[in-house]
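The values are calculated or read from the model by the stated rules, or taken from the named source; none is laboratory data. Quick caveat: nothing in here was measured; it's all calculated off a predicted structure. Here the Cβ positions follow ideal geometry from the backbone for every residue, glycine too, while neighbour counts run over all protein chains shown. These accessible areas exclude ligands, DNA and RNA; they are computed on the full protein's heavy atoms, side chains included. Shrake-Rupley method; radii C 1.70, N 1.55, O 1.52, S 1.80 Å.
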Amino acid sequence: MAPSDHIPPEKTPAKRPAGGELTFETPSPEETEILGTRLGALLAVGDLVDLRGDLGAGKTCFTRGLAQGLGIVDTVRSPTFTICHVHRGSIPLFHLDAYRLEDPEELIVRGWDEMRTHGVVAIEWGERVEELLPEDRIVVALSHVDVSRRMIQFRACGDRSREFLAALGP
């Protein structure tokens, strides 16, 4: 899709394969953020967004949108070196990065259970701590199409996360 053919994510035809998946292609970081905002507006305390993708795929950009959808005005940066950033709002957002964790148990020491019961958790590199993640979560896999375009695949892993797909989809 050329920039002149740009269609915002809310109007982009989504592909919905069988099995609780939904795929979007965003033409720019701003549109990736807008898609995150749409999901963020649906989230509630206890929800978990499992963000997957290579370095630079747009995980933090998408999380900026989640924060906006939750009504949070904080600046959202990657928590790579701090492991966790807490963004305060009516519903707090716990933005985690599991890439540098030596052991998943490090999350428990950092207050994993409290995070999950007091806000929304967005975890980058969630596959590194898979055993701690709840069964019902939404997996968001981001991949490069080219320099600015991203393929964003949503996978529902339970009843609650299927509700998100229904709300985001066509």
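Among 65-73, 86-94, 102-110, how do they line up from the highest to the lowest mean number of other beta-carbon atoms within 10 Å? Please report the intermediate quantities before stating the final value.
On the way: 65-73: 20.6, 86-94: 17.2, 102-110: 12.8.
Top of the packing list down: 65-73, 86-94, 102-110.
The equivalent ellipsoid that matches the C-alpha gyration tensor of the chain spans semi-axes of 25, 17, 15 angstrom, in descending order. The label-point distance for Asp159 and Asp136, in a model that sets each label 7 Å from Cα toward Cβ, rounds to 0.6 nm.
With all protein chains kept in place, the per residue accessible area of the stretch 81-148 amounts to 51 square angstrom at a probe of 1.4 angstrom. Between 0 and 90 degrees, the angle of helix 29-40 with respect to the longest Cα principal axis of the chain falls at about 60 degrees. Under 13 Å from a label point set 7 Å out along the Cα-to-Cβ vector of Val145, the amide N atoms of the stretch 31-47 belong to 31-32.
Label separation (Thr117 vs Thr75): 3.4 nm, computed from points 7 Å beyond Cα along the C-beta direction.
Which percent, nearest 5, of DSSP beta bridges in the chain are antiparallel?
60 percent
Applying 0.36 nm per residue to the separation of Arg88 and Ala166 and subtracting their alpha-carbon distance, the gain on full extension is 25.3 nm. Counting charges near Ser148 (Lys, Arg +1; Asp, Glu -1) among other residues having Cβ under 13 Å from its Cβ returns a value of -3. For the stretch 98-130 versus the stretch 142-160, the inter-centroid distance based on Cα atoms is 21 Å.
Its Cα gyration tensor gives the stretch 39-131 an equivalent ellipsoid; the semi-axes, largest first and in whole Å, are 19, 15, 11.
Regarding the stretch 86-170, what's the average projected area of the Cα-atom convex hull, expressed in nm²?
On the way: hull surface 28.4 nm².
Computed as one quarter of the Cα hull surface, the answer is 7.1 nm².
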